[in-house]
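Peer 1: Below is a structure I'd like to ask you about.
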Amino acid sequence: MAASTTDPLSLELNSRRDWHLHVWRLSWPVILANVTIPMVGLVDVFVMGRDPNPDYIAAVALGAAMFSAVYWLFGFLRMGTTGLTAQAYGRNAISELEAIFHRALFIAALLGLLIILGQWPLKSMLFALFDPSADIGALALTYYDIRVWGAPGLLIHLVELGVLFGLQRMDYTLILSIGLNVTNIILDYVFVLVFDLDVFGVALGTVISEWSAALLGFFLVRSAYGRHHTTKGSHRLLDKQALRQFFSLSSNLVLRTFFVQLPFFAGTVLATQIGDLTLALHGVLMQLFFLMTYSLDAFAHTAESLTGYFYGAKNPVNLRRASIYSSAWGFLLAIVTGLAFLIFGADFVAIMTVAPEIQNMAHEYMPWLALAPIFCVWAFLLDGIFIGTTHIRAMRNAMFLSALLWAIVLLLTFDAWQYHAVWLCMNLFMLTRALLLFRSYPQIERAAANTAL
């Protein structure tokens, strides 16, 4: 079980201090970049929350949830690209790096075009599923009709993030994410608070930002290749074996993402059924939840990049070290985040909305939000490890079992606990994911050890 130490990165990591510094060097740009991602949703809620009528917040929350439900299914474009890129980078397969990017870019553009062409039946399906009230439905319809035109730009952006993570160019992901989200924040302010375009302005700002990020990301990826640049990869766009591998990963990632998406999707649907005020509260609390998840995801992305790299380099010893050091820092951040929600949660809500009904209701549910980071962090970190090493089937199976348990408990508790049941089952889902993935983790180290022989 001798580990390969010929890859350049292994030669640089000779002590615990080296590992801590390297994990932080990769993670801090992603923390900053990821924090800006939910900032877009926070600003959306903030600008809508300047109106005491909660219908505007509810409509934007509903419209954003609809697109999240769709776009999360295409998360394989980011995750699959990261795993394949990181492993090719680790085994120094330079000619394959650009081919992976071009292949995924082509698929993303095609899928985005299909979303635009199929926007009308997709709209009918989503609005039938969420079934909003007439007033909120009309506002959400305006949001949908504009936002759908950003689909190709967003999917291309996901591919670009995947390549940058795989190449461990976290500094470029920071530039790309800040470019996307600062543009969106500025446009929100101008379109809504200056030109008074309300929901239409929020959606239009998001579309312009998504396309701008796709363009910026293309140039950042080209720059990130740098010394890895080669002309050979571009001629292998339709390589049958590579396409078969990508679609095999993608199909399992789609199933995995479907099961992950269920609690979020169902939470919005159930909040809608409970009432418009609960839906508005849900929109506020979920923005704080996403702020937490994107922060914790920084260490998951670091684990994803490093474990993928060492898996490709056939180095099981450093694969384990990457998992341990990333997890330690991720857990520390989870504790800090949970305490911040517990102490300052009410203040965060007050910043986001002036509606007193939402502020008063939020106090009742803040303890659930404070517990969430402790349960989520392990699920996210292990997700990153399984994605980086492309052990997707085991992850898919764990998600299925977790979703099954979540559904059973939700059915048993919702009538009695209502919106509390949504948060109880969300935390249970995250904990179950973590336990099942941890049980399967040794398979990854064994696979890395076998390829190293």
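The values are calculated or read from the model by the stated rules, or taken from the named source; none is laboratory data. In this text the structure is predicted, and so the values were computed from the model without any measurement. Backbone-built Cβ (ideal geometry, glycine too); neighbour counts: all protein chains shown.
Peer 1: Which residue, of T390, T337, is touching a residue at least 24 places away in the same chain (Cβ under 8 Å), out of contact with any Ser or Thr (no Cβ under 9 Å at 6 or more places or on another chain) and under 27 Å from V23 (Cα atoms)?
Peer 2: Every option except T390 fails the conditions.
Peer 1: Let me ask something additional. Any chance region 220-240 includes a residue that's of a type in the set (S, T, Y), at pLDDT 80 or above and under 30 Å from I136 (Cβ atoms)?
Peer 2: no
Peer 1: A further question on this structure: Checking F247 against (1) without any contact (Cβ under 8 Å) to a residue 40 or more places away in the chain; (2) surrounded by 19 or more Cβ atoms within 10 Å (Cβ to Cβ); (3) hydrophobic (A, V, I, L, M, F, W, C), which test does it fail?
Peer 2: (2)
Peer 1: Would region 91-109 turn up any residue that is at pLDDT 85 or above, within 30 Å of F247 (Cα to Cα), part of a helix (DSSP H, G or I) and among the charged types (D, E, K, R)?
Peer 2: Yes, some residue in region 91-109 is at pLDDT 85 or above, within 30 Å of F247 (Cα to Cα), part of a helix (DSSP H, G or I) and among the charged types (D, E, K, R).
Peer 1: Another question about this same structure. Evaluate the following for G162: is it closer than 30 Å to Q273 by Cβ, of a type outside the set (A, V, I, L, M), crowded, with 22+ Cβ neighbours inside 10 Å and in contact with a Ser or Thr (Cβ under 9 Å, 6 or more places away or on another chain)?
Peer 2: no
Peer 1: Then there is this: Which one of these is of a type in the set (S, T, N, Q) and touching a residue at least 40 places away in the same chain (Cβ under 8 Å): S133, S124?
Peer 2: Every option except S133 fails the conditions.
Peer 1: Any residue in region 192-205 that is free of Cβ contacts under 8 Å to residues at least 12 places away in the same chain, part of a helix (DSSP H, G or I) and not charged (D, E, K, R)?
Peer 2: Within region 192-205, one or more residues are free of Cβ contacts under 8 Å to residues at least 12 places away in the same chain, part of a helix (DSSP H, G or I) and not charged (D, E, K, R).
Peer 1: Mind listing whichever residues of region 55-89 are crowded, with 24+ Cβ neighbours inside 10 Å, under 22 Å from G118 (Cα atoms) and among the β-branched types (V, I, T)?
Peer 2: V60
Peer 1: Separate question: Check W417 against each of (1) more than 24 Å from the chain's Cα centre (by Cα); (2) surrounded by 19 or more Cβ atoms within 10 Å (Cβ to Cβ); (3) among the aromatic types (F, W, Y) and name the one condition it does not meet.
Peer 2: Every listed condition holds for W417 apart from (2).
Peer 1: Determine, yes or no, whether A214 is touching a Phe, Trp or Tyr at 6+ places or on another chain (Cβ under 6 Å), assigned to a helix (DSSP H, G or I) and at pLDDT 85 or above.
Peer 2: It is false that A214 is touching a Phe, Trp or Tyr at 6+ places or on another chain (Cβ under 6 Å), assigned to a helix (DSSP H, G or I) and at pLDDT 85 or above.
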